[in-house]
Every structure is written in C-alpha cells, then in structure tokens.
Amino acid sequence: MEAKKVTEEFNNWMNKKVAYKKQSVMWSYVLLLKTRELAQYLVGKRKSIDFSKPAYAVERYDAEDVEQKR
C-alpha cells in the first residue's frame, strides 16, 4: 500500500508543468531532455551540461499518520 502511494505521488509530480525554455512542459519531458543532454555530454557532443534549470520546488505535506510517526 505504501509503495502504491509513493508511485502515485511520483507520477503526479512528473505530470506537473514547469516553465522551461519559454514553454510550459511536464517534468517527465524535462527529465527526458536532461537525460539526452547527459548522454550527449558523455559521448562528447556537448561541452557543458546544466542541471540547475529548471529549478524545482518541493512542497511537503505530511498526512496525520506520517506526522505521528516522526
């Protein structure tokens, strides 16, 4: 049950939109682009790589049962 919650939350997060290169795209697409950039960097097709953009912000919300476990 807990693994399902984590998976659902991860999927929800990946489907959120973020501003990237003057467009609004989903995080899953940004992850794909950044993975491609890393591959190009590793094979020498890129001279630099930047993982700092887009910046992400995490909002934490703990359910009552999680708060009690802390």
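Taken together, the values in this text are just the output of simple stated rules run on the coordinates, not laboratory data. As the structure is a prediction and not an experimental result, all values here were calculated from the model. Cβ: placed from backbone, ideal geometry, glycine included. Neighbour counts: every protein chain shown.
With the requirement that a residue be more than 21 Å from residue 9 (Cα to Cα), out of contact with any helix residue (DSSP H, G or I) (no Cβ under 7 Å at 6 or more places or on another chain) and of a type in the set (A, V, I, L, M, F, W, C), what does the range 21-50 give you?
Correct list: 33, 38, 39, 42, 43.
If you take the residues in the range 19-48 that are over 29 Å from residue 7 (Cβ atoms) and surrounded by 12 or more Cβ atoms within 10 Å (Cβ to Cβ), which one is farthest from the chain's Cα centre (by Cα)?
46
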